[in-house]
Amino acid sequence: MRIAVISAEAVPYSKTGGLGDVAGALPKALRRVGVDSVLITPCYWQTKGEYLWSTAVEDLNVDWRGNVYLAKAFYSEANGSPTFLIDAPSFFHRDSIYGYREDHERFAFFNHAALVLLQRIGAAPDIVHLNDWHCGFAAAEIASRRRWDRYWQKTRTVFSIHNMAYQGVFGTEDLWKFGFDGEYERNAFLSNGAASAMKAGLSLSDTLSTVSRRYAVEIQMPENGYGLDWLVRQRADRLIGITNGVDYEVWNPRTDQEIGSHYDASNLEAKRECKRQLLEQFSLPVKLDRPIFANITRLTAQKGIDLMMQVAGEILSSGSFIISLGSGEKRYEDFWQSLRDYAPQQVGVYRGYNESLAHKIEAGADIFLMPSKFEPCGLNQMYSLRYGTVPIVRAVGGLDDTVQNFDSIDGTGNGFKFGPYRSDKFLERIYEALFAYADPDTWRNIQLNGMAEDNSWENAARKYVELYEWTRS
Ligand code: ADP
């Protein structure tokens, strides 16, 4: 079985969030379980030159919208699997990866170029695995071409939803420009008077998946469907949830190159050294008996920052530290900064994106906060589990699938979770965690339960293989 994974971002070439982690790791994991896969992703201005191993196609002529665009394709295996990076400077050499008015046009081009590239490099794949709205265009193009182009006749498509909140909506006039002017494709894109790339992906792909079992249910409800829940319900018999994996080659406190002291379940004491270094790095007093609460995230409403704002004062009153790494909406960045100004001896803030620091925080912190409004899968809670950093999460999406409440009677559970999006419910769990932290044996018990979890990509990759086989059948 030959698989082509197409994604707008993939680690280590590019990353703004979980999609990048998943698209980078899945092809490698697929190869480990014996599946032949290639990854196709854009070559951004941000993609480091060291990852571009060679030029695979010098003259990729992409005939699109009546013009011929000259592009290149680089080749790399920097993510552990064959990767083609499409280099088209006018579309991808920008200050940031997303955030432009013409993003739909940039990814429509990318999709078409990816399909041109596939045709150029060999036989059609059995499955094209598409990710998020950025790939809705390819779903439409393959579904359409399959009807008359022999090359694509046997290819089937899987469309994975990583976040339903981003749908790639644009004006319908561009459909005509992109060549989706037939009734079949047009109808697939049309959504409330506009065009939606997410809707095309959901409508025209052979099967659908999303990144946790719980989120597969949640997106069928209006509050998480963002206007497309009816379509997800309609296609529910073609939808499954597969919880993302963790790349334990990258996120493993035993081998992590970014952290100052290595540890695992058998020598958890060494985690204290990471904690000491983390406090020093943020110029906080080295009081190792006080817990560090941490948060690493894009600062958007989705991540429950409003709840964090409501409980921060209580956390500080307990004498604990809070460390935040993130960037995003100004009001949230301002909040963290003002909290730091208010309690400089207890609060550490880094505004921005910093991969290395993310590892140091996972290793040095005691408690990780993820009170998300919604969370398709979430990765940091799984990293936290492996690093012995106890997660407190809201019971939504992948957070609900991967975190179990600690039960002090039978000693089971790997963290703390609450249901309603309310600060008092969040605080209850925070107090419970502080109570457990005060007893070293209890705390160790929770840490070890988390460290024993196996959220490896190998498990997830096997489920994707089953999905691909189902899609072909
Ligand atoms: P989402 O995809 O919604 O952003 P996930 O939890 O699925 O959320 O994935 C987020 C990924 O991005 C994690 O690997 C997390 O560590 C990383 N990340 C988010 N913000 C930052 C930041 N400021 N610095 C470093 N890594 C970050």
Let me spell it out: the conditions are (1) of a type outside the set (S, T, N, Q); (2) out of contact with any strand residue (DSSP E or B) (no Cβ under 8 Å at 6 or more places or on another chain); (3) surrounded by fewer than 14 Cβ atoms within 10 Å (Cβ to Cβ), and LEU448 meets all of them except one. Which number is the exception?
(3)
Here is a check on your reading of the model: is PHE107 at pLDDT 95 or above and in contact with a His (Cβ under 6 Å, 6 or more places away or on another chain)?
yes
Listing of strands (runs of 3 or more DSSP E) fully contained in segment 67-169 that carry 3 or more residues being without any contact (Cβ under 8 Å) to a residue 40 or more places away in the chain
67-76
Out of the residues in segment 291-309 meeting the condition of being in contact with a Gly (Cβ under 9 Å, 6 or more places away or on another chain) and among the charged types (D, E, K, R), tell me which one is surrounded by the fewest Cβ atoms within 10 Å (Cβ to Cβ).
ARG298
Residues (crowded, with 24+ Cβ neighbours inside 10 Å, more than 15 Å from the chain's Cα centre (by Cα) and closer than 23 Å to ASP256 by Cα) located in segment 361-383:
ILE361, GLU362, ALA363, GLY364, ALA365, ILE367, PHE368, LEU369
Residue count, segment 271-328 (criterion: more than 19 Å from the chain's Cα centre (by Cα), β-branched (Val, Ile, Thr) and under 17 Å from LEU339 (Cβ atoms))
5
Does TYR387 meet the test of being under 24 Å from CYS274 (Cα atoms) and in contact (Cβ under 8 Å) with a residue 40 or more places away in the chain?
yes
Could you tell me which of the residues LEU288, LEU357, LEU379, LEU299 is among the hydrophobic types (A, V, I, L, M, F, W, C), under 24 Å from GLU269 (Cβ atoms) and near the ligand (Cβ under 10 Å from one of its atoms)?
LEU357
Within segment 393-416, track down each residue that is surrounded by fewer than 23 Cβ atoms within 10 Å (Cβ to Cβ), under 21 Å from MET308 (Cβ atoms) and touching a strand residue (DSSP E or B) at 6+ places or on another chain (Cβ under 6 Å).
ALA395, ASN405
Listed residues ARG444, ARG422, ARG394, ARG429; which is within 16 Å of the ligand (Cβ to nearest atom) and out of contact with any helix residue (DSSP H, G or I) (no Cβ under 6 Å at 6 or more places or on another chain)?
ARG394
Can you confirm whether segment 416-424 contains a residue that is charged (D, E, K, R) and assigned to a helix (DSSP H, G or I)?
yes
Give the residue, chosen from LEU316, LEU325, that is modelled with pLDDT of 95 or more, closer than 25 Å to TRP443 by Cα and surrounded by fewer than 20 Cβ atoms within 10 Å (Cβ to Cβ).
LEU316
Could you grab me the full set of residues in segment 204-222 that are surrounded by fewer than 24 Cβ atoms within 10 Å (Cβ to Cβ), among the small types (Gly, Ala, Ser) and either without any contact (Cβ under 8 Å) to a residue 60 or more places away in the chain or touching a Leu at 6+ places or on another chain (Cβ under 8 Å) (or both)?
SER209, ALA216
If GLU50 passes every condition in (1) within 16 Å of the ligand (Cβ to nearest atom); (2) surrounded by fewer than 24 Cβ atoms within 10 Å (Cβ to Cβ) but one, which one does it miss?
(1)
Selection within segment 11-27 - more than 13 Å from the ligand (Cβ to nearest atom) and within 16 Å of PHE74 (Cα to Cα)
TYR13
If we scan segment 337-354, do we find a residue that is part of a helix (DSSP H, G or I) and within 13 Å of the ligand (Cβ to nearest atom)?
no
Would you check which residues across segment 190-232 are of a type in the set (S, T, N, Q) and in a loop (DSSP other than H, G, I, E, B) and list them?
ASN192, SER205, SER212, GLN220
Kindly evaluate SER205 against the criterion of being within 16 Å of the ligand (Cβ to nearest atom) and not acidic (Asp, Glu).
no
If you go through segment 248-267 one residue at a time, do you hit one that is assigned by TED's automatic domain parsing to the domain that holds LYS463, under 23 Å from the mean Cα position of the chain (by Cα) and away from the ligand (no atom under 16 Å from the Cβ)?
no
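The values are calculated or read from the model by the stated rules, or taken from the named source; none is laboratory data. Just so we're clear, the structure is a prediction, and the values are computed from it rather than from any experiment. Virtual Cβ from ideal backbone geometry, glycine too; neighbours counted across all protein chains shown.
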